[in-house]
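The values are calculated or read from the model by the stated rules, or taken from the named source; none is laboratory data. If you're wondering where the values come from, they're calculated on a predicted model, not measured in any experiment. Here the Cβ is made from the backbone with ideal geometry for all residues, glycine too, and neighbour counts use every protein chain on show.
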Amino acid sequence: MMTACDDGRRRVYESGDKGESWTEALGTLSRVWGNKHEGLDKGVGSGFITATIGDKKVMLVTLPVYSTENGKKGNEESENGIGRLHLWLTDNTHIVDIGPVSEKDEDVTASSLLYKSGKVSKDEEELIALYEKLIVLYEEKDNGEEDEEASLGMVSVRLTAQLQRVKEVLATWKKVDERVSQLCTTLLAAKVTSAGHACSAARVTKGLVGFLSGNFSENTWRDEYLGVNATVKKNDGGAEKKSAGANKSPYGVTFQGAWAEWPVGRQGENQLYHFANYNFTLMATVSIHEVPKEGPIPVMGATLNDDGNTVLLGLSYNNEKKWQFSCGGEGPDKLSSTLGAEKTQHVVILVRSGNQGSAYVDGQRVGDASCALGNNTLQEISHFYIGGDGGSAGSREGVPVTVTNVLLYNRPLSSAEMTALNTKLSIQKVAGNTPPKVSGPDTHETVSQSSPAVTQPSEHSSGSAVASGGVGNAAASNPHAVGEAMGDAGTVRGSGLLPSLLLLLGLWGFAAL
């Protein structure tokens, strides 16, 4: 059930007892879509249906999309400020704007959807939108003045092209799910006979909303799930301006004096990652090409939507070879981590569970315990930053940082999932000390959407990407090791997802060498 609320957001409620009680679907669909709550367009009714298309259960929604203040799409452009009706697709995890349904400048007041499955014949499959629009008639009076009269009209539109696009998006989601789980299941095939195993597609992709990998061009790092794209920014001042920029790397991007912003609240009217204001896990493989000469290098984090660009959760690396964890806008805790002359890869993780936050690097917790976010939980997140944040001396210094395979979940990874890590991921060294050449935005390479090649077990089975010993054995002697029984941010029970993801991210980076 969807409701249009006076606070400017549309809330979604779900029921598990046939409507006897309803719970707001925070962390999935609720408050994702905006509701224009002022002016003549207040409270436009939405269409909302469930359907099984192919073998996938989905929801289809029709909602108006409004123009931004500068008139550009981000929401739909409209000269008179009237929203244009769009069709949206969601599976309760991913959300994609399929495109417009109504004509430009049609003043839609309400809408509904009808879907007829093609179980008997594919020719019978249909998706139809019905919407009510305001029609204004003008009649000239005897005195020369115009008399305005408004009435409502009904429009029926067969959404053949939109239905085909829905099927294409569903096929893409399926392929990306397979990509995310394929390396893990291939290399550990003997252990993944059950669907509930941590390496199964169902576990690895549960709650996986966004995935940034090798689809990068023209300052845009595109989400493989066709959701929210990240945008590359760069520093504008100083001598380093000429060398600042970002370049495609295997399965990611190399930043130098630049960074990527992945919008949450900054999206505006419709915020597909609104769940991040409650729970999330953000993971990536990071390579820092050299030790910074001064100040910390921001690696990854979440910034609040306030005047001071407060860092809610953030990881950085300083000139003392220490990882720093910033939490709730307060000073960082420190955990030593060696970074030698040769480039190494680190799996970094930020976890938010309600008003608690924590960070991990290569399976080790940064700091002694999870931190309380305090009053910052009342403020919404503006965006995630990746590879830098644009505001520190470390970013201006221009140390190259490569970030690959960024995974964003709408839930915190739990203690149960983390403690299942019995062996530590072996961080593979990249041959050579010279960082790749980084050019400005003018030289960005156009990237196709083809899937990366899958590494076969024979290529890396010798020695494997998993080293002996590791977090499981280190827990007794290292208070920062993953698996601490107390103070963890996660609350959801699981069966060992984090180890598989650590392995998966590391192997992807290794396969790219």
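Here is how the numbers come out for the structure above:
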quantity	calculated
Pick from segment 4-31, criterion within 15 Å of residue 272 (Cβ to Cβ) and not in a loop (DSSP other than H, G, I, E, B), ranking: modelled with the lowest pLDDT	9
Meets criteria (more than 24 Å from residue 407 (Cβ to Cβ) and at pLDDT below 90) for residue 343	no
Lone qualifier among 183, 159, 152 - being surrounded by 14 or more Cβ atoms within 10 Å (Cβ to Cβ) and either within 21 Å of residue 44 (Cβ to Cβ) or modelled with pLDDT of 95 or more (or both)	159
Within segment 46-76, tally of residues that are at negative phi and either touching a Cys at 6+ places or on another chain (Cβ under 6 Å) or at pLDDT 80 or above (or both)	20
Set 420, 393, 431, 359: member being of a type in the set (Gly, Ala, Ser) and at pLDDT 85 or above	359
Meets criteria (more than 21 Å from residue 95 (Cβ to Cβ), modelled with pLDDT of 65 or more, among the small types (Gly, Ala, Ser) and not assigned by TED's automatic domain parsing to the domain that holds residue 279) for residue 200	no
Residue match in segment 94-110 (condition: at pLDDT below 90, under 28 Å from residue 410 (Cβ atoms) and surrounded by 14 or more Cβ atoms within 10 Å (Cβ to Cβ))	no
Residue within segment 248-255 that is in a loop (DSSP other than H, G, I, E, B) and within 30 Å of residue 85 (Cβ to Cβ) present	no
Given (1) exposed (fewer than 15 other Cβ atoms within 10 Å of the Cβ); (2) over 17 Å from residue 82 (Cβ atoms), index of the condition residue 135 fails	(2)
Residue selected from segment 374-387 under the condition modelled with pLDDT under 90 and of a type outside the set (S, T, N, Q), by the criterion nearest to residue 267 (Cα to Cα)	378
Residue among 353, 326 that alone is among the hydroxyl-bearing types (Ser, Thr, Tyr), at pLDDT 80 or above and under 20 Å from the mean Cα position of the chain (by Cα)	353
Residues located in segment 159-178, provided they are in contact with a Phe, Trp or Tyr (Cβ under 8 Å, 6 or more places away or on another chain) and of a type outside the set (Val, Ile, Thr)	173
